[in-house]
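Trainee: Here you go, one structure.
Quick note: the coordinates plus some simple rules give every number you see, no bench work behind them. Given the structure is predicted, the values throughout are model-derived calculations rather than measurements. Heads up, the Cβs are rebuilt from the backbone with ideal geometry, glycines too, and the neighbour counts pull from every protein chain shown.
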Amino acid sequence: MHVVVVGCGRVGRELAVDLEAAGHAISIIDKNKSAFRRLPDRWGGQAVVGFGFDRDTLEQAGIEEAGALAAVTNGDNTNIVTARIARENYEVPNVVARIYDPRRAAVYQRLGIPTVATVSWATDQVIRKLFPEQRSVDWVDASGSVSLLEVSLPDGWCGHRLSRLEGEGWRLVAVQRAGGTRLVNGELVGQQGDVLHVAVRKEHIDALEARLGEGGAHG
């Protein structure tokens, strides 16, 4: 696949190198020619000087043949405008924008522009490390109605079939155990240290937490 990366900072550089190593054809755009010094000497992609929201620059980078674009400059406005042009004018099927302001990220996510909110992601990762027993959000759909939660298995569920956790508004998707992750089947029994991944509708989160608190001996 041809991928356009806009922004040759640390994130853009890593994306470009990793995607090329995975076999993709890469064009990277940056307004400063000196930014391309971050690229390795043997990097085989295309480097284009210019702005990601400039159509001539995008076309020079092969946007018309691109299957994906990542806008990862240091500017929220630049990233959003670039992502919208790629999506709306060139119909690039896979587009993502890096956003620093989590409030703006949520707005654009609901408009159908996938975003990575840098501040929110970093904050979430720190909280996960500080309080591993609490639930955290792995993913939220664009409408904000469905989330994938990561939950440490309460002691009351150890030794009980995890299928009994299922409820009307949520589904148990996978379990992390002993360094691996497995999909859930009807026979899987909870063990101490399990981490659950649960898809849940927003309005049923409280009910899910109540069910977790009941333990497997109930219901």
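Trainee: Distance in nm between label sites at Met1 and His24, each 7 Å beyond Cα in the beta-carbon direction?
Mentor: 0.6 nm
Trainee: While we're here: Whole-Hz ³J(HN,Hα) for each residue in region 18-31, computed from phi via Karplus 6.51 cos²θ - 1.76 cosθ + 1.60 with θ = phi - 60°, x for glycine and proline: what do you get?
Mentor: With coefficients 6.51, -1.76 and 1.60, one gets 5, 5, 5, 4, 7, x, 8, 8, 10, 10, 10, 10, 8, 6 Hz.
Trainee: Between Asn32 and Glu91, how high is the FRET efficiency from 1/(1 + (r/R0)^6) when r is the Cβ-Cβ distance and R₀ = 35 Å? Nearest 0.05.
Mentor: Efficiency for this residue pair is about 0.75.
Trainee: Compute the distance in nm between two label points, each set 7 Å from the Cα along the Cα-to-Cβ direction, one at Asp41 and one at Val189.
Mentor: About 6.0 nm, to one decimal.
Trainee: Right, something else. How high is the FRET efficiency from Ser163 to His204, r the C-beta distance, R0 25 Å, rounded to 0.05?
Mentor: For Ser163 and His204, the calculated efficiency is 0.90.
Trainee: Taking the beta-carbon count within 10 Å as an exposure proxy, list Ser145, Ser27 from fewest neighbours to most. Before the final figure, lay out the partial values.
Mentor: Numbers: Ser145 10, Ser27 23.
Listed from fewest to most nearby Cβ atoms, that is Ser145, Ser27.
Trainee: Fewest Cβ neighbours within 10 Å first, please rank Glu209, Glu150, Glu203 accordingly.
Mentor: Glu203, Glu209, Glu150
Trainee: With each pseudo-label sitting 7 Å past Cα toward Cβ, what's the Arg10-Val140 distance in nm, one decimal?
Mentor: Once both label points are built, they end up 2.6 nm from each other.
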